Amino acid sequence: MALWLLQTLHKYTSVPIDQLNFFICQILSIVFGFLLRAYCPPRNTNTFKRHIIEISVGFTLIYLCYGSQVSHLLYQAIPSYLMMVLLPPHLAQYGVLLFTMAYLSGAHITRMLSTDLRNSVVDVTAPLMVQTQKLSSIAFNLYDGDILKRGQKTARSIHELHAISERPRLLHLLSYLLCYQNSMVGPFVFFSDYLCFIEGREEDQVTTEEDRDLFIKHKEDIRTPKRVLKNQLLCALFHTSLLVYATGRYNPQYFISEEFQRLGIFRKYFWLTLGCFYFRQRFYCAWAISATTMLAAGFGFSGFKPGTAEPEYRNAINIRFFDIELGTNTKGMFDGWNIGTTRWLRECVYDRVPKQFSVVAVFFVSAFWHGFYPVYYLCFLTAALLTSTGRLCRRRLRPFFHRKLLEPLHVQYTNPPLSDVLSQLSGRRLLTVEQWECTQVLGKFLLSGACCTTDYLLLAALPDSEYHT
């Protein structure tokens, strides 16, 4: 029956069967989210039940989507948990990170060598990527908890909020790893935030007494954000419609065809831009559905907007659509894309390495986490150069311009970073260097990298402006 349904949907939509199966599992997760919120709300008497439900539903949906590949999640999790138990925290944090990244790398290499890459888009590497974030973050949070036990301070105050004072119980760990709201595509959330959701302690996610009192007073309204949930549901429908429309109409293989090579440069740019926009819909769609699932279950609260009583749901929302598509600088675009991963990289990489290497380290780990196609490293190296050069521009050139004169320039400077990001996303769609040669994107990256490097060296030689604060 299920296979017949998938084949029928494939016939009318042209969407591959594995993607349809994934989509149906995501829709089921929304249904289970509403059921969890309605029939097993966060109470002391329901905590154990909620953990069991998360494990049971999460494992079932992952198995329905990925089949026997679900075993890889256990193969990665068991040694990581043993390291947390047997090793001291200052060693476990690096051991878990290295092991999980190594195991994920093995999955990426297997996918690269697969002869069925174009026909099998959905595989277990996506849940492994999310689980790598979860396991490594627990190890770092355990180390932060150990620091606090010894009466010392963490590198940043936010680390104290996510610190773990004791090793997680096996039930809690499995529930966190198999959490059906975000185990397949994210977004990443910290273990402490997850326990607050399960146990109904969301007030512990805020730092001031005023915010705690505000949450307790409006607890039920905050846990069921109807307006935010409605917006995410509409976003999911919008991106799903675009994805279904584009499937079968915009084939990335067209970009390496002889017909495409005969087009003029502006027509090439137009079709690449449009093709990349439609390609991004699969990410927008998956993350919008995931956000809907989390909000339906009452999961996602992250605090209040500064100076207001409006709750925020950064733990559920993984993209900012307009920041990505209409952003005025590269950093802003990357900050709006896969927000959960940005949070993981900031707290587990950026804050843990010397400041002079922090930007490069973040983009290198991000590329390593994504896989081993050469274009990933070209993408993220270019992004690191753009980000570092932008920082120098703001520190050493921006103070010489009046603020009112800068506003019209934002329009002028919107297109170059947008072009760079679109090129990077097209590079992710055409993964091999040979395909890049056909689209002539490789030459643009090399030229862009050379220009950024030159700009960076020139700006680095200038002194800081005396007007900079």
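Which of the residues belonging to the stretch 169-180 are in a loop (DSSP other than H, G, I, E, B) and under 15 Å from Gln133 (Cβ atoms)? Walk me through it before giving the result.
First, pick out the residues of the stretch 169-180 that are in a loop (DSSP other than H, G, I, E, B): 169, 178-180.
Within the stretch 169-180, Leu178, Cys179 meet the criteria.
Is there any pair linking a residue in the stretch 197-208 that is at positive phi to one that is among the basic types (Lys, Arg), with Cβ under 7 Å and at least six apart or on different chains, and which?
So the pair list comes out as Gly200/Arg43.
Is there a residue being in the same structural domain as Gly58 (by TED's automatic domain parsing), under 30 Å from Leu28 (Cα atoms) and either touching a strand residue (DSSP E or B) at 6+ places or on another chain (Cβ under 9 Å) or modelled with pLDDT under 90 (or both) anywhere in the stretch 235-256? Talk me through it step by step, then tell me what you get.
Taking the stretch 235-256 and keeping what is in the same structural domain as Gly58 (by TED's automatic domain parsing), we get none.
No.
Any idea which of Thr154, Thr110 is more than 21 Å from Ala316 (Cα to Cα) and surrounded by 16 or more Cβ atoms within 10 Å (Cβ to Cβ)? Step through it out loud before you land on a result.
Details: Thr110 fails: surrounded by 16 or more Cβ atoms within 10 Å (Cβ to Cβ).
One residue alone meets the criteria, Thr154.
Without any contact (Cβ under 8 Å) to a residue 40 or more places away in the chain, in contact with a helix residue (DSSP H, G or I) (Cβ under 7 Å, 6 or more places away or on another chain) and assigned by TED's automatic domain parsing to the domain that holds Ser80 - does that describe any residue in the stretch 173-184? So that I can check it myself, show each step before the final result.
Narrowing the stretch 173-184 to residues without any contact (Cβ under 8 Å) to a residue 40 or more places away in the chain: none.
No, because not a single residue in the stretch 173-184 is without any contact (Cβ under 8 Å) to a residue 40 or more places away in the chain, in contact with a helix residue (DSSP H, G or I) (Cβ under 7 Å, 6 or more places away or on another chain) and assigned by TED's automatic domain parsing to the domain that holds Ser80.
Quick one: is Ala155 of a type outside the set (Phe, Trp, Tyr) and modelled with pLDDT of 95 or more? Break it down stepwise before answering.
Values: of a type outside the set (Phe, Trp, Tyr): yes; modelled with pLDDT of 95 or more: no.
So Ala155 does not fit the description; no.
Out of Glu209, Glu160, I need the residue that is surrounded by fewer than 17 Cβ atoms within 10 Å (Cβ to Cβ) and touching a Leu at 6+ places or on another chain (Cβ under 8 Å). Which one? Let's see the steps before the verdict.
Numbers: Glu209 fails: touching a Leu at 6+ places or on another chain (Cβ under 8 Å).
The conditions single out Glu160.
So is Lys49 among the charged types (D, E, K, R), at pLDDT 95 or above, buried (at least 21 other Cβ atoms within 10 Å of the Cβ) and not assigned by TED's automatic domain parsing to the domain that holds Arg346 or not? So that I can check it myself, show each step before the final result.
Values: among the charged types (D, E, K, R): yes; at pLDDT 95 or above: yes; buried (at least 21 other Cβ atoms within 10 Å of the Cβ): no; not assigned by TED's automatic domain parsing to the domain that holds Arg346: yes.
Considered against the rule, which asks whether it is among the charged types (D, E, K, R), at pLDDT 95 or above, buried (at least 21 other Cβ atoms within 10 Å of the Cβ) and not assigned by TED's automatic domain parsing to the domain that holds Arg346, Lys49 comes out as no.
When the residues of the stretch 292-337 are filtered to those that are basic (Lys, Arg) and at pLDDT below 90, which remaining residue is nearest to Leu386 (Cα to Cα)?
First, pick out the residues of the stretch 292-337 that are basic (Lys, Arg): 305, 314, 320, 331.
Those still in the list that are at pLDDT below 90 too: 305, 331.
Numbers: Lys305: 29, Lys331: 8 Å.
Selected residue: Lys331.
Please verify whether the stretch 360-371 includes one or more residues that are of a type in the set (S, T, N, Q) and either at pLDDT 75 or above or surrounded by fewer than 20 Cβ atoms within 10 Å (Cβ to Cβ) (or both).
We begin by selecting, within the stretch 360-371, every residue of a type in the set (S, T, N, Q); these are 366.
The next check asks that each one be either at pLDDT 75 or above or surrounded by fewer than 20 Cβ atoms within 10 Å (Cβ to Cβ) (or both); those that pass are 366.
Yes, there is a match, as at least one residue in the stretch 360-371 is of a type in the set (S, T, N, Q) and either at pLDDT 75 or above or surrounded by fewer than 20 Cβ atoms within 10 Å (Cβ to Cβ) (or both).
Can you tell me which of Leu128, Leu161, Leu104, Leu142 is at pLDDT 95 or above, of a type in the set (A, V, I, L, M, F, W, C) and farther than 30 Å from Tyr373 by Cβ?
Going through Leu128, Leu161, Leu104, Leu142 in turn, just one is at pLDDT 95 or above, of a type in the set (A, V, I, L, M, F, W, C) and farther than 30 Å from Tyr373 by Cβ: Leu142.
Quick one: Phe22 ticks every box in (1) touching a residue at least 60 places away in the same chain (Cβ under 8 Å); (2) surrounded by fewer than 16 Cβ atoms within 10 Å (Cβ to Cβ); (3) under 25 Å from the mean Cα position of the chain (by Cα) bar one, so which box is it?
Of (1) touching a residue at least 60 places away in the same chain (Cβ under 8 Å); (2) surrounded by fewer than 16 Cβ atoms within 10 Å (Cβ to Cβ); (3) under 25 Å from the mean Cα position of the chain (by Cα), only one is false for Phe22: (2).
Among the residues of the stretch 56-77, is any surrounded by fewer than 19 Cβ atoms within 10 Å (Cβ to Cβ) and under 30 Å from Asp221 (Cβ atoms)?
yes
The values are calculated or read from the model by the stated rules, or taken from the named source; none is laboratory data. Worth saying up front: this structure is predicted, and the values here are computed from it rather than measured. So basically every Cβ, Gly included, is an ideal-geometry build from the backbone, and we count neighbours across all protein chains shown.
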